[in-house]
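The values are calculated or read from the model by the stated rules, or taken from the named source; none is laboratory data. Here the structure is a predicted model, which is why all the values come from computation and not from measurement. Note: ideal-geometry Cβ built from the backbone for every residue, glycine included; neighbour counts use all protein chains shown. For the accessible areas, the whole protein counts, side chains as well, though only heavy atoms, and no ligand, DNA or RNA atoms are used. Shrake-Rupley method; radii C 1.70, N 1.55, O 1.52, S 1.80 Å.
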Amino acid sequence: MVARGRPARMLRFVLLGAALGAAKCMAVRGAAAAPRAPASRTAPRAATARCLIRAAVEAEAVASLRNGEERRRLADVEPLEPGQAITQLEVPAGAAPSGVSDFVAQELGETMSTARKLVRKGIVYVNGLRARNEDMVQPGDTVAMLPRLEKGEAQPTPQARTPSDEQPGFQPGFSDEQPGFQPGFWQSAGAMPSAELLTTTREQLSEILGGSGRASMVWDCLRAGEDPMCASSVTEKTKGMLALAGLGVTRAGSLSEQTVTRDGTVKLLVRLSDGLEVETVLIPWTERGRTTICVSSQVGCAQACTFCATGKMGRLRSLTAEEIVLQTYFGRQVCRELGMPPLEGVVFMGMGEPADNADAVVVAARTLGDDSRFRISRSRVTISTVGPTPEAFGSLARAGCVLAWSVHAADDGLRRKLVPTTRFTMAELRDGLRDALLSLPKNARQCMIEVVLIEGVNDEPRHAAELLSFLEPLVTATRHAKVMVDLIPYNAVDHADAFHKPSFERVRSYQQVLKAGGVFTFVRATRGDDGDAACGQLATRKASAVRGMAKAAAAAEL
């Protein structure tokens, strides 16, 4: 009886399992046959399809959302002039999402740069609604473009081809054999908008390229001073995705000239996209095994320091964060090509006043000090300022780097002669620096006091005693701060200069007064003075010529 019962129970279990399995299969088949709900328009879009409709500036989209602005409908567009028409394009429902942006741009007869501008101007509509910066085209969408007017004249509107005109089985993508992607499209300088690759975070780049591995691949090239578009280590697909996103290295400027001085200092001339130029200096320290780069933050300077060549230019314009970082990119490129020690230090002591361009300087400094990007220690990134206002120090302290204050004289009267734009007393500026240092973590409170010593002007022992007394409240209030003084012997600006470099003995006497008062003081070694690359000697073309170029560039944009 027992022997017969076991097989029967086992058979019932087997039959029950088979029945449950059959029911599960039927349920899965039924679910597969059921119609699926359409994807939500608010769902995240494919990363590679976001390039066309995402505008470069997201502030407008954020403002419109906060203000509750409603999107304009294509049906509400006012009647057009005779002979004008709305260009419409239907993206194939079966199109590969990775190639939609390129497909739409080609079908509308526009470059990627122009397409982005049309979005910002409200000329592009997606599915009957005015496109906004956060929208992206996906398969099955309908894209419309209004005729646009430029400089008061009607421009011809390109006629879009219909999907039926394409080859059978057309799938837009990154294949060279498919008409949706032209291999030379991203190589054309006119096909890409202005680049901001060098200030793009790794997370943003990962989102654009569809993976952190691709972002790391690109940043490995940038960190070494190598263009990812020309690097063999970067895949062709990644290069194409960078191009579709409008991200490139040399869109902000180019390296037009480099000069090597007797001591190995290298002066770089960087030409910006509008034709203006800035100078950058590479200072190799062979005994330390590293190179420091001196970068510019503005074309010219408005502070008008009487001993500085840049101050005689006047300020033409401020640099963008991309243009500032671009100098370091070129610096690493030149260091690699000339076999110089690795670039591991950055000083914002070139052309311009960083405090007058604080936002861009802070973004650039954070980019350089980011471990996932340029990997330069923030303790080796120094931002120098004359301190136009007491609040200027706090603005620059946001970068989390070393602050340097160009004091030059503790006496208010003498300081105004050397820095004519001084509007606050030295005590007020000192208190602003103190507050900025106290806002930083204790281990990040580093400050450098810079003094350009000019013979017979501010290089006497009594001037050193005045500076020592002036710094005492700062050192006392910030006990955990590391305050040091950097003495810079004056470098001649031109042959007719009334100022002169002090003798070594006068500089040493000045230094001894400060050291006796317990302040760490060092004398900066003069580097590159035979090639006008030393401190205070940086200046590009004559101010009148540069201003003419700036006016011409501005007139061309009108």
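For this structure, a couple of remarks:
- Residue that is modelled with the lowest pLDDT [pool: residues in region 421-448 that are under 27 Å from Gly314 (Cβ atoms) and open to solvent by 70 Å² or more (accessible area, probe 1.4 Å)]: Arg423
- For region 293-303, a residue qualifies if it is open to solvent by 10 Å² or more (accessible area, probe 1.4 Å) and closer than 17 Å to Pro388 by Cβ, and the qualifying residues are Cys301, Ala302, Gln303.
- Residue in region 238-258 that is closer than 30 Å to Arg524 by Cα, open to solvent by less than 20 Å² (accessible area, probe 1.4 Å) and at pLDDT 90 or above present: no
- Scanning region 350-360 for residues that are open to solvent by 10 Å² or more (accessible area, probe 1.4 Å) and within 25 Å of Trp285 (Cβ to Cβ) yields Gly350, Gly352.
- Residues considered: Arg332, Arg336, Arg288. Of these, the only one that is part of a loop (DSSP other than H, G, I, E, B), basic (Lys, Arg), open to solvent by 10 Å² or more (accessible area, probe 1.4 Å) and more than 30 Å from Leu418 (Cα to Cα) is Arg288.
- Qualifying position, being open to solvent by 20 Å² or more (accessible area, probe 1.4 Å) and assigned to a strand (DSSP E or B), among Val347, Val363: Val347
- Residue that is surrounded by the fewest Cβ atoms within 10 Å (Cβ to Cβ) [pool: residues in region 259-284 that are hydroxyl-bearing (Ser, Thr, Tyr) and in a strand (DSSP E or B)]: Thr259
- Residues located in region 390-428, provided they are under 16 Å from Ala304 (Cβ atoms), part of a loop (DSSP other than H, G, I, E, B) and touching a residue at least 40 places away in the same chain (Cβ under 8 Å): His408, Ala409, Val419, Pro420, Thr421
- Taking region 370-381 as the range and being open to solvent by 10 Å² or more (accessible area, probe 1.4 Å), in contact (Cβ under 8 Å) with a residue 24 or more places away in the chain and within 16 Å of Thr199 (Cβ to Cβ) as the test, the residues that pass are Asp370, Ser372, Arg373, Arg375.
- Residue count for region 304-327, restricted to those that are surrounded by fewer than 23 Cβ atoms within 10 Å (Cβ to Cβ) and closer than 17 Å to Leu268 by Cα: 1.
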